[in-house]
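These notes concern the structure reproduced below.
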Protein chains: 2
Amino acid sequence: MTEAQVWAAPGEGSPEPASRRERVRAAAYDEIRSIGRQLLATEGLGGVSLRAIAREMGMTAPALYRYYESREHLLADMCAMFFNELSDMIQAACDAEADDDIAGRLMVASRAFRRWSHEHQAEFTHLFGSPIPGVFGPDTYTPEGFDPNNPAHAAGIRFGAIFMRLFVALWRTRPFPIPADDQIAPALRSQLDWNLPGAEEIPPGARLLFLSAWVSLYGLVTMDVFGHLGWALKDSAPFFEYELEQLCTKLGIAYAPPTEEL
Amino acid sequence: MTEAQVWAAPGEGSPEPASRRERVRAAAYDEIRSIGRQLLATEGLGGVSLRAIAREMGMTAPALYRYYESREHLLADMCAMFFNELSDMIQAACDAEADDDIAGRLMVASRAFRRWSHEHQAEFTHLFGSPIPGVFGPDTYTPEGFDPNNPAHAAGIRFGAIFMRLFVALWRTRPFPIPADDQIAPALRSQLDWNLPGAEEIPPGARLLFLSAWVSLYGLVTMDVFGHLGWALKDSAPFFEYELEQLCTKLGIAYAPPTEEL
DNA sequence: TCGCAGAGTTTACGTCGTAAACTCTTGCAC
DNA sequence: GTGCAAGAGTTTACGACGTAAACTCTGCGA
């Protein structure tokens, strides 16, 4: 992973599987990813070995090198897969809400995020846990930041954009109280000029609140999934709702408890 | 790690090294831990192999089984080592402040936590990152929660108690606004009866605030160390101070910028 | 029909954790 | 002092792992 590498890998749902060969190949990719995911869930990251996957497929391990340059490339592709699934899931949950109910969409998105994380702890850990060297770790960043050629990075950006869009939409429909520009410490203020899509549409104070909210949400869900909350809470759901309510207050929107459909 | 196991390992600074044998043995433990730590920092968790440690010590790998039952036991002991170092560090920073300046101690402790985490990213990741199966993961918890026999758990409890003590002290000197008992959702309220030392001295609403504050601090430092903040901030220190200021506001204490001594 | 590219296998090397049996050394009881 | 048991370390070995290199087979297009 020290050399510049190619991250060629197929987006899961390719539009037009041209030749037969290509269809078979795409199916193989799907099978590899799927078995890898299953191993991740049952055995942990260490269990995701090329040999185990090959065994499960009735192949030998070196054959997998026809599909992935290395184990790390497979793990990165799995990152992308999870990010995309998570993004699709959240987006779908949002789209089920009324178009103009941004507050509702924000709450639904947050809950969907927590829900997915709980139901897919291994996958969540893969995405948001300790950086995996060569896969999604600091060594995979370019000097400019994200590496758009890395599928994990690309999918991660897409994920972040969902929340950012919601935040921007909320600001536009009903601005909430934010720290004024001259109330933000200059050293902080000067860093808030992100060139993230959408970010330029809201003032720096709102971006600060976005960051703050995301850090809390991340901290909460991460501690929960990692078991770092077990000493305090048996069921973290009520605390999550409490935190969500706090966030709503900060954003000047009305908190609404979750509609429980089983 | 599926069987009940003994976590025998020496606390680093044993008081009275009785026999010569014991002193040599204690020195060996220190060397193992120290080389393990170095490998963790330079090569990552995967680089902490018994063979590499033994190589560095001029021994063969199986010899290390005289000291640790398995690699997992070594990693757990390293957890304890890091927790203790972190706790000592924070405690020392606190003790440098005036006895009655609880607000100052709280801020100093938070900054010390962030500082140590930044300066010891590998160690921080080992403690607060993805749970390591058999070491500090969900499988190491007993049905009652922490496993006091696991040195990593014991040291973790000690670490948590530092912040809890500060919080309790703050509450006693100057109570801050908290949600009233009947304003907390019953499902949440009923979970706040921790049997953590000190927790019973503050009301449930204060415990809720403690949890909330810790989640934010954890989320912030973790995202930062894991590089998940790089897209937004080049230097996270001002944002950390911003969050600290928010916390101070919630706790009704006066925020004071850090005294910069190099 | 030829040939070539793609898919998969075989073999091999060096890594790892760790179990079992062995040897050397040290310190204590007599 | 002598003997002996316990402790420390080694040797050898097994089965995992990632992956490199060379090989074989198969199916598609010219």
Regarding the range B:241-251, can at least one residue be identified that is more than 20 Å from residue A:212 (Cβ to Cβ), within 11 Å of chain A (Cβ to nearest Cβ) and touching a residue at least 12 places away in the same chain (Cβ under 8 Å)? no
List the number of the failed condition for residue B:167; all other conditions in (1) closer than 18 Å to residue A:226 by Cβ; (2) within 14 Å of chain A (Cβ to nearest Cβ); (3) buried (at least 21 other Cβ atoms within 10 Å of the Cβ); (4) at pLDDT 95 or above hold. (1)
Considering only the range B:21-75, state which residues are within 11 Å of DNA strand D (Cβ to nearest atom), aliphatic (A, V, I, L, M) and surrounded by fewer than 18 Cβ atoms within 10 Å (Cβ to Cβ). B:24, B:26, B:27, B:28, B:54, B:57, B:59, B:61, B:63
Is it the case that some residue within the range A:77-92 is among the acidic types (Asp, Glu), touching a Gly at 6+ places or on another chain (Cβ under 8 Å) and farther than 30 Å from residue A:244 by Cβ? no
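I'm trying to understand the selection: among the residues of the range B:196-221, which are part of a loop (DSSP other than H, G, I, E, B) and at the interface with chain A (Cβ under 10 Å from one of its Cβ atoms)?
Within the range B:196-221, B:196 is the sole residue that qualifies.
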May I ask you to list pairs of residues, at least six apart or on different chains, whose Cβ atoms are under 6 Å apart, with the first in the range B:95-124 being free of Cβ contacts under 8 Å to residues at least 12 places away in the same chain and the second being among the β-branched types (Val, Ile, Thr) and buried (at least 21 other Cβ atoms within 10 Å of the Cβ)? B:97/B:108
Return the total of residues in the range B:222-234 being more than 7 Å from every other protein chain (Cβ to nearest Cβ) and out of contact with any Ser or Thr (no Cβ under 7 Å at 6 or more places or on another chain). 1
Note: among A:224, A:182, A:235, just one is among the acidic types (Asp, Glu) and not in a helix (DSSP H, G or I), namely A:235
Pair list, Cβ < 7 Å and 6+ apart or interchain, from the range B:126-137 residues that are on the phi > 0 side of the Ramachandran plot to residues that are surrounded by 20 or more Cβ atoms within 10 Å (Cβ to Cβ): B:134/B:140
In the range B:180-197, the residues that are buried (at least 17 other Cβ atoms within 10 Å of the Cβ) and either at pLDDT below 95 or under 12 Å from residue B:210 (Cα atoms) (or both): B:192, B:194
Matching helices (runs of 4 or more DSSP H) fully within the range B:29-120 where at least 3 residues are within 16 Å of DNA strand C (Cβ to nearest atom) and away from chain A (no Cβ under 14 Å): B:50-57, B:71-95
Look at residue A:154 and say whether it is more than 12 Å from chain B (Cβ to nearest Cβ), in a helix (DSSP H, G or I) and of a type in the set (Gly, Ala, Ser). yes
Any residue at all in the range B:126-135 that's at pLDDT below 95, within 14 Å of another protein chain (Cβ to nearest Cβ), over 18 Å from residue B:222 (Cβ atoms) and part of a helix (DSSP H, G or I)? no
Where a residue in the range B:36-64 is at positive phi and its partner, wherever it lies, is away from DNA strand C (no atom under 11 Å from the Cβ), with Cβ under 6 Å and at least six apart: B:44/A:133
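The values are calculated or read from the model by the stated rules, or taken from the named source; none is laboratory data. This is a predicted model, so every value here is computed, not measured. Heads up, the Cβs are rebuilt from the backbone with ideal geometry, glycines too, and the neighbour counts pull from every protein chain shown.
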